[in-house]
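One structure is given here, and the rest of the page talks about it.
The values are calculated or read from the model by the stated rules, or taken from the named source; none is laboratory data. Small disclaimer: the values here were computed from a predicted structure and weren't measured. Cβ placement follows ideal geometry from the backbone for every residue including glycine, while neighbour counts extend to all protein chains displayed.
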Amino acid sequence: MINHLQDTITLNNGLQMPGMGLGVFQVANDATAEMVKNAIEVGYRSIDTAAIYGNEAGVGEGIKQALAPTGLRREDLFITSKVWNNGLSYEETVAAYEESLQKMGLDYLDLYLIHWPGKDKYAESWKALEDLYEQGKIKAIGVCNFTATHLANLLSFARIKPVVNQVEFHPRLQQVELRSFCDKHQIQLEAWAPLMQGGLLEDETISKIATKYGKSNSQVILRWDVQNGVITIPKSVRRERMMQNADIFDFSLTDEEMAIINAMNLEHRVGPNPDEYDFAL
């Protein structure tokens with residue numbers, strides 16, 4: 001379990017990944033640079049973007065603006081992006097990776113993910129990721145939104161095991177079966193929409209726990225993530241909210257409080273179901 005914003009979790013290939021980062025989903029490109037710069041200045045070292053977000057250039061600019069003033073180097077950061085579903089052939093995946101690098105002005109990515117499994121379209125794309133990894137162009141490779149069934153299929157032919165499966169995860173969608181599968185195969189779970197896209201910020205059950213510690217609902221939920229060993233990437237465009245989200249390392253939830261939140265699970269999604277959507281745009 002991490003005990004500081006910059007603490008890391010060891011992935012199955014030995015790479016160290018920060019246990020908490022910043023997501024930039026649904027942030028306009030022209031607003032992303034300032035957001036990323038602020039996050040790095042606050043202390044975040046992991047930034048998560050994707051080709052489909054349309055803000056990779058803004059992420060790159062924010063990194064550029066932050067590095068010199070903070071005295072950090074590129075290798076002090078952990079940058080993730082994802083290949084989109086309309087280009088999952090081998091050649092398209094390689095081209096998409098190179099385009100992401102070009103937009104961000106980077107020489108490599110720390111983690112590159114297949115964004116959605118689609119209708120079993122990921123075999124060629126995964127081979128491309130494996131080759132890019134073996135060529136030293138990516139530090140680690142993984143997937144997003146894969147169910148246990150998708151992962152079992154991937155593992156049946158993969159030369160290299162994914163290090164991460166990034167999925168919707170929050171107290172109302174706890175992915176119990178999937179977490180068990182990932183634990184068994186040493187695949188790190190990472191949460192997107194950890195705050196249920198704001199849907200739990202007024203929840204009374206969590207509010208009671210938050211009041212006890214003088215914390216916000218979002219801080220309690222992110223602390224629950226951390227104590228579950230799940231990497232979390234909350235999004236906030238405001239510097240003060242980024243700082244608040246990171247202020248979760250001065251308290252711990254009791255076993256009873258963890259159990260109360262665990263009991264909130266309804267397997268309720270706010271995003272799409274990977275088994276039902278193709279996303280071939």
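Just a few scattered comments:
- The number of residues in segment 27-52 that are of a type in the set (Asp, Glu) and closer than 14 Å to Ile233 by Cβ comes to 1.
- Taking segment 236-269 as the range and being among the aliphatic types (A, V, I, L, M) and loosely packed, with under 14 Cβ neighbours inside 10 Å as the test, the residues that pass are Ala259, Ala263, Leu266.
- Residue list for segment 224-241, filter: under 25 Å from Asn165 (Cβ atoms) and either more than 16 Å from the chain's Cα centre (by Cα) or of a type outside the set (Lys, Arg) (or both): Trp224, Asp225, Val226, Gln227, Asn228, Gly229, Val230, Ile231, Thr232, Ile233, Pro234, Ser236
- Only residues that are touching a residue at least 60 places away in the same chain (Cβ under 8 Å) and crowded, with 21+ Cβ neighbours inside 10 Å were counted in segment 193-224, giving 2.
- Considering segment 99-118, and only residues there that are more than 18 Å from Ala158 (Cβ to Cβ) and small (Gly, Ala, Ser), the residue that is surrounded by the fewest Cβ atoms within 10 Å (Cβ to Cβ) turns out to be Gly105.
- Answer from Leu67, Leu72 - the residue that is more than 28 Å from Lys127 (Cα to Cα), in a helix (DSSP H, G or I) and more than 14 Å from the chain's Cα centre (by Cα): Leu67
- Any hit, segment 110-122, residues being more than 24 Å from Val24 (Cβ to Cβ) and not basic (Lys, Arg): yes
- Checking each residue in segment 132-148 for being without any contact (Cβ under 8 Å) to a residue 40 or more places away in the chain and of a type outside the set (A, V, I, L, M, F, W, C) picks out Tyr133, Glu134, Gln135, Gly136.
- In segment 103-115, the residues that are under 18 Å from Val163 (Cβ atoms) and either in contact (Cβ under 8 Å) with a residue 40 or more places away in the chain or touching a Gly at 6+ places or on another chain (Cβ under 6 Å) (or both): Asp110, Leu111, Leu113, His115
- Some residue of segment 248-263 being part of a helix (DSSP H, G or I), of a type in the set (Val, Ile, Thr) and over 25 Å from Asn145 (Cβ atoms): yes
Yes/no per residue for (1) modelled with pLDDT of 95 or more; (2) surrounded by 17 or more Cβ atoms within 10 Å (Cβ to Cβ); (3) under 30 Å from Thr205 (Cα atoms); (4) among the charged types (D, E, K, R):
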{"site": "Tyr97", "(1), (2), (3), (4)": "yes, yes, no, no"}
{"site": "Asp120", "(1), (2), (3), (4)": "no, no, no, yes"}
{"site": "Ser125", "(1), (2), (3), (4)": "yes, yes, no, no"}
{"site": "Phe146", "(1), (2), (3), (4)": "yes, yes, yes, no"}
{"site": "Asn153", "(1), (2), (3), (4)": "yes, no, no, no"}
{"site": "Val167", "(1), (2), (3), (4)": "yes, yes, yes, no"}
{"site": "Arg172", "(1), (2), (3), (4)": "yes, yes, yes, yes"}
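- Residue match in segment 67-83 (condition: in contact (Cβ under 8 Å) with a residue 12 or more places away in the chain and in contact with a His (Cβ under 8 Å, 6 or more places away or on another chain)): yes
- Flag for Met17 being modelled with pLDDT of 95 or more, aliphatic (A, V, I, L, M) and closer than 19 Å to Leu111 by Cβ: yes
- Checked against the criterion of being surrounded by 16 or more Cβ atoms within 10 Å (Cβ to Cβ), touching a residue at least 40 places away in the same chain (Cβ under 8 Å) and either over 14 Å from the mean Cα position of the chain (by Cα) or closer than 15 Å to Leu106 by Cα (or both), the candidates Asn29, Asn12 yield just one match: Asn12.
- Residues satisfying the stated conditions in segment 226-281, i.e. among the aliphatic types (A, V, I, L, M) and closer than 20 Å to Asn3 by Cα: Val226, Val230, Ile231, Ile233, Met242, Met243, Ala246, Ile248, Leu253, Met258
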